[in-house]
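The values are calculated or read from the model by the stated rules, or taken from the named source; none is laboratory data. These numbers were taken from a predicted model, which means no experiment stands behind them. Note: ideal-geometry Cβ built from the backbone for every residue, glycine included; neighbour counts use all protein chains shown.
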Amino acid sequence: MNTNPLHREAVPETPNRLGIEGIEFIEYTTSHPQALGQVLENMGFKPVARHRSREVTLYRQGGMNLVVNANPEDARISGAADGEPVISAVAFRVQDALKAHTRCIELGAWTVPSHAQAMELHIPAIHGPGSTRFYFVDRWKEFSIYDIDFKPIPTVDQHPKSIADMSYFGVVQYIGAGRSADWLAYFENIFDFTFVPDDQRFGILPKGKLMKSPCGQFLWQLIEPEPWMDGDESPESLQRVGLGVADVGAAVKVLKAQGVEFVESSQLHPEDRGALTRGMLGSVSFELVHQTKTSA
């Protein structure tokens with residue numbers, strides 16, 4: 001991720017027809033949940049609850065929810081390369097989930113059939129890149145989706161503090177060659193995201209195209225393959241999560257003490273503006289981005 005969100009009062013009014021109000025959760029699918037769980041705990045996430053009927057665990061730190069889906073009946077798990085963890089879904093907080101979903105379908109998005117069982121919540125979703133999904137959640141305040149579908153892990157703090165006040169900053173999506181215009185149009189049309197001009201960007205990985213959510217709370221980065229990757233047949237995917245921190249150096253120091261390694265080279269190394277973790281379990285990485293906290 002490569003920019004600082006503008007101060008709320010400096011952002012001109014933009015359409016937000018879905019009523020998006022941030023990210024509710026990010027989901028990983030994996031056939032090795034214990035290994036991924038260790039990686040997440042090193043990053044500061046703590047397991048706080050387990051799904052009532054499926055092999056799904058909820059991890060949390062601060063205001064961030066992260067779901068690890070190891071349900072063997074989920075086709076997305078069996079389709080993952082070598083069982084490596086992949087980002088399989090992002091859930092957006094919206095004012096009305098059903099209305100948001102209906103509008104997306106009217107605009108041309110493809111719906112995801114519900115597989116909710118008895119006594120489980122139906123969370124409406126549409127297809128994202130590859131086999132990923134975009135969910136819509138309108139219960140996250142006094143009453144949340146986890147109150148129904150998950151059982152708290154006994155004796156565990158349900159609201160662990162975040163390391164260095166980390167929060168979701170955005171998502172990096174890998175796209176096909178020459179597909180930037182298509183995906184820019186998709187996010188503008190479906191979600192009312194707005195393009196961030198190149199001259200407003202900075203960071204350790206200033207590549208691709210950057211977009212800002214209509215609520216101004218997170219960013220989305222689209223990256224095409226490099227020209228020398230002409231033969232690359234990698235599918236489009238959600239590649240990594242960006243985490244915002246006020247002090248990158250302090251966050252890196254704490255995470256290193258917990259066993260997290262960072263990419264350090266002549267072109268890329270931890271610094272004040274950002275840092276990138278080394279790939280873990282073959283496919284998992286996080287990007288720390290300097291983010292100035294502002295009051296509402």
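Some values worked out for this structure:
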read-out	value
Within the stretch 23-107, helices (runs of 4 or more DSSP H) holding 1 or more residues that are at pLDDT 95 or above and either under 20 Å from GLY282 (Cα atoms) or in contact with a Phe, Trp or Tyr (Cβ under 7 Å, 6 or more places away or on another chain) (or both)	33-42, 97-106
Count - residues of the stretch 29-49 that are among the aliphatic types (A, V, I, L, M) and surrounded by fewer than 17 Cβ atoms within 10 Å (Cβ to Cβ)	1
Selection from the stretch 40-73 of residues that are among the acidic types (Asp, Glu) and either touching a residue at least 40 places away in the same chain (Cβ under 8 Å) or in contact with a strand residue (DSSP E or B) (Cβ under 9 Å, 6 or more places away or on another chain) (or both)	GLU41, GLU55
